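Presented below is the structure to which this report refers.
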Amino acid sequence: MISAVILSAGESSRMGRPKALLPIDGQTFIERIVASLKHGGIERIVVVLGFNAEELRLQTAHLAVDVLVNPDYQRGQLSSLQVAVRHLQTDKNCHGMMVHLVDHPYIDPQLARLMLRRFDESKPLIVVPRHQGKRGHPVIFSRALFAELLDAPLDQGAKAVVNAHLGETLEIDTEDEGITLDIDTPELYRRHVKGD
């Protein structure tokens, strides 16, 4: 089984309000991402919160997800991922995790399903989508990399692990530009979500 991890612990300082709760097509970012992952074949979803965790927990209580809180969220994204890894390590049926960021709301369920299938078929250490030569999200990490992710330097993030296994990474080319669409400022939100 592959579990999904949605990282939503940051302060959203550039956006000015929680990105997880931004409206998009009648939903919030977090609702859209959770729905897309479930339609893509993911059964278990873990959301990692940090800044303003209690308010976000209340706002996402209706979602069928496991909520974890990273008290050290200010140490960066990898620290939140490590909270999820420690949680998933205890489940022997978890063969890996699909990591997604809350400021990437445009996730295609078909792409998620394809990534899961290719991971199951090829058993690579990492699966990553690529649009016009640029890598994006979500990214699948095999359970075999959990220990490395826990030992990775916080200042380098998960990229240190990704760069150490370029030869064991499966890249999937896609026409879906949503994999690289990082909506973390009001300007980007207006441009890509509100359409003006």
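Worth pointing out:
- Considering residues of segment 177-196 that are under 14 Å from the mean Cα position of the chain (by Cα) and either charged (D, E, K, R) or over 18 Å from residue 17 (Cα atoms) (or both) only, the residue surrounded by the fewest Cβ atoms within 10 Å (Cβ to Cβ): 182
- Residue that is farthest from residue 115 (Cα to Cα), among those in segment 27-63 that are in a loop (DSSP other than H, G, I, E, B) and in contact (Cβ under 8 Å) with a residue 24 or more places away in the chain: 51
- For segment 98-119, filtered to residues that are closer than 16 Å to residue 169 by Cβ and not aliphatic (A, V, I, L, M), the residue that is farthest from the chain's Cα centre (by Cα) is 118.
- In segment 6-26, the residues that are surrounded by fewer than 21 Cβ atoms within 10 Å (Cβ to Cβ) reach residues that are among the hydrophobic types (A, V, I, L, M, F, W, C) with C-beta atoms within less than 6 angstrom, at least six apart or across chains, in these pairs: 11/51; 24/193.
- Pair list, Cβ under 6 Å, 6 or more apart: segment 161-187 residue closer than 11 Å to residue 104 by Cα, other residue of a type in the set (Ser, Thr, Tyr): 178/106; 181/106; 183/189
- Tally of residues being touching a residue at least 60 places away in the same chain (Cβ under 8 Å) and not in a helix (DSSP H, G or I) across segment 70-88: 2
- Residue in segment 54-67 that is among the hydrophobic types (A, V, I, L, M, F, W, C), more than 17 Å from the chain's Cα centre (by Cα) and exposed (fewer than 13 other Cβ atoms within 10 Å of the Cβ) present: yes
- Among (1) surrounded by fewer than 17 Cβ atoms within 10 Å (Cβ to Cβ); (2) assigned to a helix (DSSP H, G or I); (3) in contact (Cβ under 8 Å) with a residue 24 or more places away in the chain - the single one residue 91 does not satisfy: (2)
- Close pairs (9 angstrom Cβ cut-off, 6 or more residues apart or separate chains): at negative phi and of a type in the set (Ser, Thr, Tyr) in segment 109-136, modelled with pLDDT of 95 or more and part of a helix (DSSP H, G or I) anywhere: none
- Top-ranked residue of segment 102-111 - restricted to ones that are aliphatic (A, V, I, L, M) and buried (at least 24 other Cβ atoms within 10 Å of the Cβ), ranked as farthest from residue 184 (Cα to Cα): 107
- Residue list for segment 141-162, filter: over 20 Å from residue 94 (Cβ atoms) and either touching a strand residue (DSSP E or B) at 6+ places or on another chain (Cβ under 8 Å) or surrounded by fewer than 16 Cβ atoms within 10 Å (Cβ to Cβ) (or both): 153, 154, 155, 156, 159
The values are calculated or read from the model by the stated rules, or taken from the named source; none is laboratory data. Note that this is a predicted model, so its numbers are computed, not measured. Here Cβ is always computed from backbone atoms with ideal geometry, including for glycine, and neighbour counts include all displayed protein chains.
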